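**Student:** Quick one: this structure, given as structure tokens, is what I'll be asking you about.
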Amino acid sequence: MQRFYLIPLEVMGNRRGPKYIQWSAPGIPVDPADLDIGGWTIMDYGFAPYCLLLAKDIDQGNHDALVANLDVYGFPETLNQAIAPQDNLDTFFEGIGIPTDWLQPSNTYLEFLRQLAAMFQFNQRYEYISSKASGVNHSIIDDVGDLNTRRNSWSQNVRNWFDETLVSFGYPLPSGNPSLRQLMKQAADAWGDSPFYMGEYVF
């Protein structure tokens, strides 16, 4: 079955890969203790320590083992359904810097997944712009502090990098003194109906 997960990234040297999943890179051998789930692809949240992972054909046993980890969130197999009221989605995603206060009972997992991917794409671009300017890795979540911190409290560099990221996407510059959570949601909305691609999967 094909499933989406939000999963931590592990860092080895200057390489990053999904925690709990078998992966390798030059000089980094596969860890046989990790799960072999077959084909997969990831979308990272810039330099934040999480990624969206698409498992292309994961079996039930590996799925159960993966979501048994408290720092892994598994999306349901059927995405075009309303988010279950008993889901721990709010607590999980807010805890890693992804706003969920905008969600309504009618929102589906697919709608949330698209908003999530748009925020990931924005933070990837911010990471590139800020890191190129400063020479060190940056994540907007770490730079600002938390989702409720308002723009006027950010350093001038962070405001400049954030605005440059908006301009690079063709998004409008912010007005007033919004919080990071408001700005991340606005950036996600601005993505509009454009598709996302993860491997051969389009959503």
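None of the figures in this text is laboratory data; all of them are computed from the coordinates on show. These numbers were taken from a predicted model, which means no experiment stands behind them. A quick note on method: Cβ atoms are made from the backbone with ideal geometry, for glycine too, and the neighbour counts reach across all protein chains shown.
**Student:** May I ask you to list the lysines whose Cα is less than 30 Å away from that of K56, ignoring any residue fewer than eight positions away on the same chain?
**Tutor:** Partners within reach: K19, K185.
**Student:** How would you rank 29-36, 128-135, 51-58, highest first, on the average number of other Cβ atoms within 10 Å across their residues?
**Tutor:** 51-58, 128-135, 29-36
**Student:** Of the listed peptides 137-146, 170-179, what is their order by residue-averaged count of other C-beta atoms within 10 Å, with the highest listed first?
**Tutor:** 137-146, 170-179
**Student:** For a test of the definition: using alpha carbon positions, the gyration tensor, and the 1.5 limit on a/c, classify the chain as rounded, prolate or oblate.
**Tutor:** Note, shape of the chain comes out oblate.
**Student:** Roughly what % antiparallel, to the nearest 5, for the DSSP beta bridges in the stretch 3-202?
**Tutor:** 95 percent
**Student:** Continuing with the same structure: So what's the back-of-envelope 222 nm ellipticity for the chain, counting only DSSP H runs of four-plus at -39500 (n - 2.57) apiece and dividing by all residues, rounded to 500?
**Tutor:** One gets -10500 deg cm²/dmol as the mean residue ellipticity at 222 nm.
**Student:** Something else: Using +1 at the C-beta of Lys and Arg and -1 at the C-beta of Asp and Glu, which of S24, V11, P174 has the Cα lying farthest in the positive direction of the dipole of the chain?
**Tutor:** It is P174.
**Student:** Just add up the charged neighbours of I21: K/R +1, D/E -1, any other residue whose Cβ is under 11 Å from the Cβ of I21.
**Tutor:** Net charge in that neighbourhood comes out at -3.
**Student:** Counting Lys and Arg as +1 and Asp and Glu as -1, what is the net charge of the other residues whose Cβ lies under 13 Å from the Cβ of A33?
**Tutor:** My count for the surroundings of A33 gives -3.
**Student:** Arrange the peptides 162-168, 7-13 so that the one whose residues have, on average, the most other Cβ atoms within 10 Å appears first.
**Tutor:** Result, highest mean Cβ count within 10 Å first: 162-168, 7-13.
**Student:** If each of F169 and A133 carries a label point 7 Å out from its Cα toward its Cβ, how far apart are those two points in nm?
**Tutor:** 1.6 nm
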